[in-house]
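Input: a single structure, listed below in structure tokens.
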Amino acid sequence: MRANDPKSTHPMTAADWVAQIERRIRALSERAMRMAVLAEMLGQLDAGHAVSALGLLVDRAKNGATDARRVLGELALERDIFKAMPYAVRSVAYTRARKVGRDDVASLLLVGPISGPISVAEASTDNDYASDSVGQRCSHARSRDRFRIDRLLHDKDYRVIRVLLNNPILVERDVVKIAAMRPTRPDVLAELANHRKWASRYSVRKALAANPHTPSSVARRLLATLLRQDLVQLVGAGSVRSEVREVATDLLSKS
């Protein structure tokens, strides 16, 4: 990562990059110009600097720095802004962020902005991660590309999830994430509940039973496999469907 001046031979540090992007965004009143600057600045990042630079920006925002919060706010408003970074750069940076425990930075690189809640109806048809066709996503679901795999965990097409669940690169926490996704499509959760390997994992069954989008027939079947303390927690959860809560309450009364 180098400074904007083409004559400069001094590499731009993460602190330099953050200071510059904060200063430039603060000075611009028109949003279109701010978006152009954000794209330009993100395009300057290579994989080696992206984690440290974005991590510093996030840390400053968390500590209340006004300019850093303004920049992150702009990033959150533009869903495609991180496409200014080449896929190869984002992919490597994402992997590095995960390895060093910077999940906050990884989530920025993975999905760009943090979107607000969407309705169940929107979840049935909308898929922010589906820029490719179902066939292409199924092909990606067979790959060992961790960046692509983590995007596909959010996929809302049961056919993609069916392929993904058989990918040996998946670990239990990935599958629990799929099981706990809200909102999502019931047929995705039903696909998971019927999977020979993953449905046998207790953490997956627990997440499925607690998910209000799991078909009631599936959730009720899973309740009998849960421990008493988890049934108690489920009964107290406001998001659980009433018919599922009733079955859980009945099981508790008999235990």
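The values are calculated or read from the model by the stated rules, or taken from the named source; none is laboratory data. In this text, all values refer to a predicted model and were calculated from it rather than measured experimentally. Note: ideal-geometry Cβ built from the backbone for every residue, glycine included; neighbour counts use all protein chains shown.
Based on this model, can you work out whether residue 35 counts as farther than 21 Å from residue 150 by Cα, outside the structural domain of residue 152 (by TED's automatic domain parsing) and either at pLDDT below 90 or acidic (Asp, Glu) (or both)? Yes, satisfied. Checked across the stretch 176-184, the condition of being surrounded by 15 or more Cβ atoms within 10 Å (Cβ to Cβ), of a type outside the set (Lys, Arg), farther than 24 Å from residue 245 by Cβ and at pLDDT 90 or above holds for no residue. Look at (1) buried (at least 16 other Cβ atoms within 10 Å of the Cβ); (2) at pLDDT 85 or above; (3) assigned to a loop (DSSP other than H, G, I, E, B) and you find that residue 56 fails only one, number (3).
For the stretch 32-47, taking the residues that are without any contact (Cβ under 8 Å) to a residue 24 or more places away in the chain and surrounded by fewer than 16 Cβ atoms within 10 Å (Cβ to Cβ), the one that is nearest to residue 98 (Cα to Cα) is identified as 36.
Just to be sure before I move on: is residue 190 modelled with pLDDT under 95, of a type in the set (A, V, I, L, M) and within 20 Å of the chain's Cα centre (by Cα) in the structure I sent? First the steps, then the outcome.
Working: modelled with pLDDT under 95: yes; of a type in the set (A, V, I, L, M): yes; within 20 Å of the chain's Cα centre (by Cα): no.
So residue 190 fails the test.
Would you confirm whether or not the stretch 202-214 contains a residue that is within 22 Å of residue 98 (Cβ to Cβ), crowded, with 16+ Cβ neighbours inside 10 Å and free of Cβ contacts under 8 Å to residues at least 60 places away in the same chain? Yes: one or more hits.
Looking only at the stretch 102-141, residues that are modelled with pLDDT of 55 or more, in a loop (DSSP other than H, G, I, E, B) and surrounded by fewer than 17 Cβ atoms within 10 Å (Cβ to Cβ) come to 3 in all.
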